[in-house]
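First the structure, in the form of structure tokens, and then the observations on it.
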Amino acid sequence: MWREIFSRRMLSVFLMGYAGGLPLMLTGSTLQAWMTESGIDLGTIGLFASLGTPYSLKVLWAPLMDRFHFWPGRRRGWMLIMQLFLVLSIFMLSMFNPQTSLYAIAVTALLVAIFSATQDIAIDAYRREILPDSELGMGSSLYVVGYRVGCLVAGAFALWLADRLLLDGKANWPLVYQIMAGAMALGLVFTALSAKDDESVESPKTLQEAVIGP
């Protein structure tokens, strides 16, 4: 049992959970805390709850990801691309001020949500394919633990940083988001070092097969 838990496959699944959980809070409660401190009205903050919509709609573009893939693997290629986009878009959030660039923050946060939802598609497929049925239960549990760790880093830890990193007596939110971009960059390292994709699983030959086949 312990050998299975500490296998490279299990470690990969745990670390992918971290990469999947971290972006979620940065467009949720952490972003709302930043806007609240910036004096944005509650009605506007409430509208930002719709940023979670891509997580519900990701099934619409999942077949495209199943049909097409990139180096270094069918799933890891998509993961690396989305993680790179996440690092860049999270860093971009740090460049805006909610009081003067609220629209830019909304668009960038939406991009973060889209990239995060797309990453989730690849991670879910990856962990299902690299884990045999006998390890799926344990692997899913470790994935959830890693996901929660990512949420804690982008949630509680980010808020703790905001309380400690002050600029003119106020939380230095741009610096906090830059640190979170660095924390997201760890996902690139984790993916590069993770277990290889299951090469026995073939891609659909056509987009029609990717949509109708399942």
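The values are calculated or read from the model by the stated rules, or taken from the named source; none is laboratory data. Since the structure is predicted, the reported quantities are computational estimates derived from the model, not experimental observations. Quick reminder, even Gly has a Cβ in these numbers, built from the backbone with ideal geometry, and neighbours come from all protein chains shown. Keep in mind that these areas ignore ligands, DNA and RNA; they rest on the heavy atoms of the full protein, side chains included. Shrake-Rupley method; radii C 1.70, N 1.55, O 1.52, S 1.80 Å.
Principal axis extents of the Cα atoms in the chain, from largest to smallest and rounded to whole angstrom, are 56, 42, 26.
Here the chain exposes an accessible surface that is 67 percent carbon and sulfur, computed with a 1.4 Å probe and the other protein chains kept in place. Solvent-accessible area per residue in the stretch 145-201 equals 54 Å², computed with a 1.4 angstrom probe and all protein chains kept. Take the Cβ atoms of MET138 and LEU175, set R0 to 45 Å, and the FRET efficiency comes out at 0.75. Per residue, the convex hull around the alpha carbon atoms of the stretch 1-110 comes to 140 Å³. Measuring how big the stretch 105-214 is from its alpha-carbon positions, Rg and Dmax come out at 18.3, 58 Å. With only Cα atoms counted, the stretch 123-169 has Rg and Dmax values of 16.8, 55 Å. Dipole orientation for the stretch 22-89: of the candidates TRP61, GLY73, ALA49, GLY73 has the Cα lying most toward the positive pole (charges on Cβ; Lys, Arg +1; Asp, Glu -1). What is the angle, in °, between the Cα long axis of helix 8-26 and the longest principal axis of the Cα atoms in the chain? Nearest 10 is fine, range 0 to 90. The answer is roughly 30 degrees. Here the dipole of the chain is about 260 debye; that uses its Cα centre as origin and unit charges on the Cβ of Lys and Arg (positive) and Asp and Glu (negative). Assign one of three labels to the stretch 10-67, namely rounded, prolate or oblate, based on the Cα gyration tensor with a ≥ b ≥ c the square roots of its eigenvalues; rounded applies when a/c is under 1.5, prolate when it is not and a/b is larger than b/c, and oblate otherwise. Oblate, because a/c is 1.5 or more while a/b does not exceed b/c.
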